[in-house]
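Taking it in order: structure first as structure tokens, then the write-up.
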Amino acid sequence: MTGSRKSPAPRRNQPKRGRGSHAEPTAPSGRDLTLARRRLAADGNTLRACNERGRLLADHADNYLTGLWQNAVAEVLPGTDGDQITGVALAAVGGLGRRDAGPTSDFDLVLLHDGQTLDADQLAAFAERLWYPIWDAGMALDHSVRTPAQCREVVETDVAATVGLLDLRLVAGDSHLAEATRSRLLSRWRFGVRQWLARLEDDLAARERRSGEAAHLLEPDLKESRGGLRDALVLKALTATWLVDRPHAPVDEAYEQLVDTRDALQLATGRRGGRLVQSEQQAVASLLDLASADDVLRMVSSASRRIAHALDAAMRKARQAVAPPQRRNGRGPKVRLLGYGVAEHDGEIVLGTDVRPETDAALPLRVAAAAARRGLRPAEATLAQLAKRCPPLPVPWPAAPREALLDLLATGPSLIGVWEALDQAGFPGQWLPEWSAIRCRPQRNPVHRHTVDRHLIETAVYARAHLRDVDRPDLLLLAAWLHDIGKLPRSADHSIAGAPLAATICHRIGLPAQDVAVVTMLVREHLTLVELATRRNLDDPRTLDSLLAAVDRRPDVLELLRALTEADASATGPQAWTAWRARLIEDLTNLARGALAEDRPVPAEPAPPIQVSAAGVGPQVQVDTDDTGHLVTVVAADRPGLFADVAGLLAAHGLTVLEARVTTTDGVAADTWRTESSDGRPPDAKLLAEELRRLATGDRSPLRRMRHRDSSGQPTAGPPPRVFLVPGASDVASVLEVRASDRPALLHDLGAALHGQDVRIRSAHVETFAGQAVDTLYVTDAGGRTLHPSKAANVIAALLDTCE
């Protein structure tokens, strides 16, 4: 009996007893063991405290097993004192070894032997007199018979089993043998970390595929699902390597909450296992002294998210610790400054040098946005420091934190992990008190894959694919982020309940009143398009009228609602966004587009921002600073490539263009650029003017810093860029719209591409929303005429190549 055997099994499948084996131990009978364990676990109609319950159950099991041990020693080795025996020991592993086994959990036992004290027949008889009484009692038993060397071999071959073996605890017999075995296990576990870490990651991924995420399932497996009890044990095993640490108090509390829920489930059902099915959740709630089944799921979701997040952080640290030496600089990981008070260090986002969190309430959002843009995570210590030291955001929010929030929401799939890190640090509840009401809230709808708060983040992720299709990508992201904010208990219609909440939040973050009205409208009507398309007759004029009324007969709001509808359905699950639904929604949207075609506003050519003097004026630069950033005004004689040079020079000085108005009148260009700088300092107006003069003479050296900044590693991947001609928008120029991911040198490169096509910029309206460039360019050919169709096609192709 050197292998492991799962049980209980039908009696007819168990091995026959050898002659002379006893029918029952003289120690305490195990027939009422399960009932006794259930009584010990409960105190009246609720669970005992976790620590008290675990101690009572473990002590009861130890007493029973010690009795079996004494009987086995007496029969196999007559005359031997069971307490003084050497070379053999009974040890508990798993939950019994940790002293947190449930009222109906398995007995996980190992019969240890030194390979010398007992011969094969004695060892078999010893094991038989231990295992059979447990089976006779109807208990589940996971057992093995091993030497210390065989235990060590488990570490080499079975990572999952090793996690349980690390909790090995002596029940009876040779204490020195048990302690030596445990010491060898820990030593091999630590020594072989490079070999088993990849296997452990594969095991975690496979288990998640099988059992899903406990945080978002309506019927989670408390043990096997991601963030469940087994993940907490993996985290404990990782800390035993001394490579990583863990947040002890938060993880311990989460683990105890899951243990409480598992034990309440076993008490309520009388069965082993950890799947929390819906029909048993209310009974579990009563044993946990909670009001409802939803409260149970919220507790499980919160606890499992905490464990999963801590395990992810520990795995990242472990991977860094075992990285091959050639991947590390001899002087240690390099710190790369990213601007705006943040830096990258060893694969994480940290604070930069000379940063004072006490004076910068926007710093957590900037750290999060920088991490998500690069597919990294904020360092745990950095978030903890920011949570303690940063002041609360003022109401309404200034422009800087609002722009950082929008940048974060626009980052796509990377948003999920970064938002989870922010959530574990407590930031969303600080920024939005309304968020706490939907955090971890389950959705009693099998179509939904996630809790309410995670669904909102997922919707923002899916909305990213539509940022090029709408005039205001920032409003689409905010509506996606808030559309289900009204999913509260006893809320009859979450769309109606959520609209005023969304309005309050948008006012708090400093959104202008006209934009607040649009987001509120989208939240209130976010189900209107899908309901009209799938439940109403599209040939009935009232169906179209209802949709037009919902979007206030605004083409821009119609496109926002169409994009929000698809993002919401895609985030819900595959059953919510089917080809049939997509076709019906597109048919109704096309009807509305046709009805509103005449109402679509034509982009207006920007008016000159300032009075300009006669042609031939030298470059004049003025810089004004206010709470929205730095306003840079440039007046200069127009020339081919001037737009590209000004945009490139601003990028070279570390400025991010948020908005610009560019006009040319009588040969004089007058441009106004609203910018922000990474260090908060305004640019030097005299230096800008001097460098513009140098650029005009052919000296390109002032732009060298721009290329360095543009290649600094800020990812720009996202939806494909769009460049299109707006027909009928102007009689004197061809109007092009460009929508692409913003980057430091994008405006310079667009201007250079137009210059390369021998195209002149008559005026431009440049805006950046949530990291997305939305630019309208009025252009002519070298003779000042609108572009010929073939010329326009070539220009569009050149601009697309530049954006990509």
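The values are calculated or read from the model by the stated rules, or taken from the named source; none is laboratory data. Remember, it's a predicted structure, so these values are computed and weren't measured experimentally. Every residue, glycine as well, gets a Cβ built from its backbone with ideal geometry; the counts of neighbours run over all protein chains shown. Note: accessible area is taken over every heavy atom of the protein model, side chains too, but ligands, DNA and RNA are not part of it. Shrake-Rupley method; radii C 1.70, N 1.55, O 1.52, S 1.80 Å.
In Å, the Kirkwood hydrodynamic radius of region 373-435 over pairs of distinct alpha carbons?
Computed over Cα pairs of region 373-435, the Kirkwood hydrodynamic radius comes out at 12.6 Å.
Could you size up the charge dipole of the chain around its Cα centre, putting +1 on the beta carbon of Lys and Arg and -1 on that of Asp and Glu, and report it in debye to the nearest 20?
Computed charge dipole of the chain: roughly 1720 debye.
Through the Karplus equation 6.51 cos²θ - 1.76 cosθ + 1.60, θ set to phi - 60°, convert the phi angles of region 213-227 into ³J(HN,Hα) values in whole Hz; use x for Gly and Pro.
Per residue, the Karplus-derived 3J(HN,Hα) values read 9, 4, 5, 10, 8, 6, 9, x, 8, 5, 9, 8, 5, 4, x Hz.
Got a sec to turn the phi values of region 409-414 into Karplus ³J(HN,Hα) couplings, 6.51 cos²θ - 1.76 cosθ + 1.60 with θ = phi - 60°, whole Hz, x for Gly and Pro?
In residue order, the calculated couplings are 5, 8, 7, x, x, 5 Hz.
Once amide H atoms are placed 1.01 Å from N in the peptide plane, what residues at a sequence separation of 5 or more from R377, or on another chain, have their amide H within under 5 Å of its amide H?
For R377, whose amide H was placed from the backbone, the distant partners under 5 Å are I349.
Between the alpha-carbon centers of region 716-766 and region 82-114, tell me the distance in whole angstrom.
72 Å
Solvent-accessible area per residue for the chain at a 1.4 Å probe radius, Å²?
Each residue of the chain exposes 43 Å² on average to a 1.4 Å probe.
With a ≥ b ≥ c taken as the square roots of the eigenvalues of the C-alpha gyration tensor of region 289-394, please select rounded if a/c is under 1.5 and otherwise prolate if a/b is larger than b/c or oblate if it is not?
Oblate.
Given the C-alpha centroids of region 226-240 and region 626-647, what is the distance between them in whole angstrom?
Centre-to-centre distance over Cα atoms comes out at 56 Å.
For V342, what residues show an amide H to amide H distance below 5 Å, using hydrogens built from the backbone and excluding near sequence neighbours?
So V342 has HN proximity to G352.
For region 667-804, what are Rg and Dmax over the alpha carbons, in angstrom?
Cα radius of gyration and Dmax of region 667-804 are 15.9, 45 Å respectively.
Report, in whole Å, the centroid distance computed from the Cα atoms of region 649-705 and region 166-216.
One Cα centre to the other: 60 Å.
Using unit Cβ charges (K, R positive; D, E negative) and no other charged atoms, how large, in debye to the nearest 20, is the dipole of region 430-496 about its Cα centre?
For region 430-496, the charge dipole is close to 300 debye.
Percentage of Cα-Cα pair distances in the chain greater than 51 Å, rounded to whole percent?
Within the chain, distances greater than 51 Å cover 32 percent of Cα pairs.
What percentages, rounded to whole numbers, describe P(r) for region 138-187 computed over all alpha carbon pairs with 5 Å bin width beginning at zero?
Values per bin, smallest distances first: 4, 19, 31, 25, 12, 6, 1, 0.
Assuming a strict under-25 Å limit between Cα atoms, what lysine pair count do you get for the chain once near-sequence pairs (fewer than 8 apart, same chain) are dropped?
8
Quick one: 3J(HN,Hα) in Hz for region 88-99, Karplus 6.51/-1.76/1.60 with θ = phi - 60°, rounded, Gly and Pro as x.
Listing the rounded values in order: 8, 7, 9, 10, 9, 10, x, x, 5, x, 7, 6 Hz.
For the chain, give the percent of accessible area contributed by carbon and sulfur heavy atoms, probe 1.4 Å, rounded to a whole number.
Answer for the chain: carbon and sulfur cover 50 percent of the accessible area.
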